[in-house]
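Asks: This is the structure, below, for whatever I ask next.
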Amino acid sequence: MTVESTAARKTARRSGTGGKRATKQADAPAEGQGTAGPAAGRPEDGSGQPEAEAAGKQAAKTAKPAAKTPGAKTAAQAAPKKAAAKKAAPKGSGTSRNAGTTRDAGTKNASSKKTAAKKTAARKPAAPATASPAGAEPVQHELIQLLTPAGERVTHPDYDVDLSAEELRGLYRDMVLTRRFDAEATSLQRQGELGLWASLLGQEAAQIGSARALRDDDYVFPTYREHGVAWCRDVDPTMLLGMFRGVNHGGWDPNTNNFHLYTIVIGSQVLHATGYAMGVAKDGADSAVIGYFGDGASSQGDVSEAFTFASVYNAPVVFFCQNNQWAISEPAERQSRVPIYQRAQGFGFPGVRVDGNDVLACLAVTKAALERARSGQGPMLIEAFTYRMGAHTTADDPTRYRADEEREAWEAKDPIERLRVYLEKEGLADDTFFASLEAENEAVGKRVREAIRTMPDPDTMAIFENVYADGHALVDEERAQFADYLASFADSAEEGR
């Protein structure tokens, strides 16, 4: 703060025109600004509900400062005149008695409401305000959508896809089989076959739609939940299970499918994606890179650094954020003052929000973003607005921090169900197709169960390999000590017989 601004504040306080009260008045929104209906053309599926709740909470917050305006002071000065009028009222009219009763009741109601609001605020985390200038219209956040939750096909002026019946059935098949694989993995973890599992339940459309927009020569940097993307890149699902079982470090060659190994460290893969994309640009290759991350990872410094480098070097990378509303137990509104897709503006590249439960919209938007990157127009941020239907991982209990009603509301937007409704309504899939897919679904489940239960344990001595190119005396010594240690268990077993 400068000396001039400090002096100005002091002068304002002495004159009664500045200070904290004036600051609050300047920040308070204009009267009647706190609520707004859906913007024209905005999908009315409830996907923007967190923003509406945040705006409502902000309106409640600013209501109290707004009451401390000069207008309120003038009303207080006029109170003696009202009292005189009350005194002059005829005795039998009942005006003064009714007015006094109404005023007392209003004061009590206001007091009780204030107390209730404080209790509610103590129970629920306060949502940050949507940043908008005082007097401006509330910001409406567009949600790109091509298939409504009711299975109705709609159009968008900037993004669309023209798919054949076979391609639409293929998207449905991908989502159904991915969900079955995910369900089997969750069950296997509960049975002690896996150490951990991160479910993708509810996020199938975001993953399948974006992955099917990729070309074979594009490169993918996933987190630890992109099982649907791995499926589309032809990575053997049992390889994913091996990593969570602890028998391998991923098991697949990233360069075979252009699908990098899973990254457990939150947000670091976004930096890797940017660096790889910078290399692609230097090589002059006609391909793009996509980096997946979640709403929680968007708070990591690695992601901001990746945005900076990608923008400055105009890297051909697409940042695909799956905003599933919860970073473990932390809601999205506690992580950002603005929607995630708007963060791209601060780094100098575009960002869009897509219905993450709409596989067609995810496909269309990602395809356009990838083409944009390949043509030398630089990075783009896609926020797939979706919901994590299950736990963060099998070590998590979501019932401790979110309501069942919230989950039920999102169940009505299920990505698989809405596409099935569309296929049936348009006559693009018949009973034979669904019956055949159900049989394939059962086969996938059986294969996953058999694969995990017959998966061999890793070679315990392998940890000493590939440490030094030409070997090392210390490593040889440690290998011998560890071998003796393992042999001691075999000797103990023999003695016990």
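Asks: Out of (1) more than 17 Å from the chain's Cα centre (by Cα); (2) touching a residue at least 40 places away in the same chain (Cβ under 8 Å), what's the single condition that is false for residue 295?
Replies: (1) is the only condition that residue 295 fails.
Asks: Still on this structure, I have one more. What number of residues in region 290-301 are touching a helix residue (DSSP H, G or I) at 6+ places or on another chain (Cβ under 7 Å) and modelled with pLDDT under 95?
Replies: 3
Asks: Sticking with this structure for a sec: In region 318-346, how many are in a helix (DSSP H, G or I), under 21 Å from residue 406 (Cα atoms) and modelled with pLDDT of 90 or more?
Replies: Of all residues in region 318-346, those in a helix (DSSP H, G or I) come to 332-334, 340-346.
Now narrow it down to the ones that are under 21 Å from residue 406 (Cα atoms): 332-334, 340.
Next, from what is left, pick out any that are modelled with pLDDT of 90 or more: 340.
Qualifying residue count for the region: 1.
Asks: Regarding region 203-210, can at least one residue be identified that is assigned to a loop (DSSP other than H, G, I, E, B) and under 22 Å from the mean Cα position of the chain (by Cα)?
Replies: Yes, some residue in region 203-210 is assigned to a loop (DSSP other than H, G, I, E, B) and under 22 Å from the mean Cα position of the chain (by Cα).
Asks: Now, a different point. Which pairs do you get when a residue that is in the same structural domain as residue 361 (by TED's automatic domain parsing), found in region 376-405, comes within reach of a residue that is among the small types (Gly, Ala, Ser) and surrounded by fewer than 18 Cβ atoms within 10 Å (Cβ to Cβ), reach meaning Cβ atoms under 6 angstrom, with the pair 6+ apart or on two chains?
Replies: These pairs meet every condition: 401/329.
Asks: Please work out if residue 268 is within 28 Å of residue 371 (Cβ to Cβ) and surrounded by 16 or more Cβ atoms within 10 Å (Cβ to Cβ).
Replies: Spelling it out, residue 268 is indeed within 28 Å of residue 371 (Cβ to Cβ) and surrounded by 16 or more Cβ atoms within 10 Å (Cβ to Cβ).
Asks: Which members of region 215-256 meet the condition of being part of a helix (DSSP H, G or I) and free of Cβ contacts under 8 Å to residues at least 12 places away in the same chain? First the steps, then the outcome.
Replies: Within region 215-256, the first condition is being part of a helix (DSSP H, G or I), and the residues that meet it are 227-232, 237-245, 254-256.
Scanning region 215-256 gives 254, 255, 256.
Asks: Among the residues of region 155-182, what is the count of those that are within 17 Å of residue 420 (Cβ to Cβ) and surrounded by 15 or more Cβ atoms within 10 Å (Cβ to Cβ)?
Replies: The qualifying residues number 13.
Asks: Considering only residues that are exposed (fewer than 11 other Cβ atoms within 10 Å of the Cβ) and closer than 30 Å to residue 175 by Cβ, look in region 447-468 and name the one that is nearest to the chain's Cα centre (by Cα).
Replies: Residue satisfying both the conditions and the ranking: 453.
Asks: Got at least one residue in region 309-317 being in contact with a Pro (Cβ under 9 Å, 6 or more places away or on another chain) and in a helix (DSSP H, G or I)?
Replies: The answer is yes, given that some residue of region 309-317 is in contact with a Pro (Cβ under 9 Å, 6 or more places away or on another chain) and in a helix (DSSP H, G or I).
The values are calculated or read from the model by the stated rules, or taken from the named source; none is laboratory data. None of the values given here were measured: they were computed from a predicted structure. Virtual Cβ from ideal backbone geometry, glycine too; neighbours counted across all protein chains shown.
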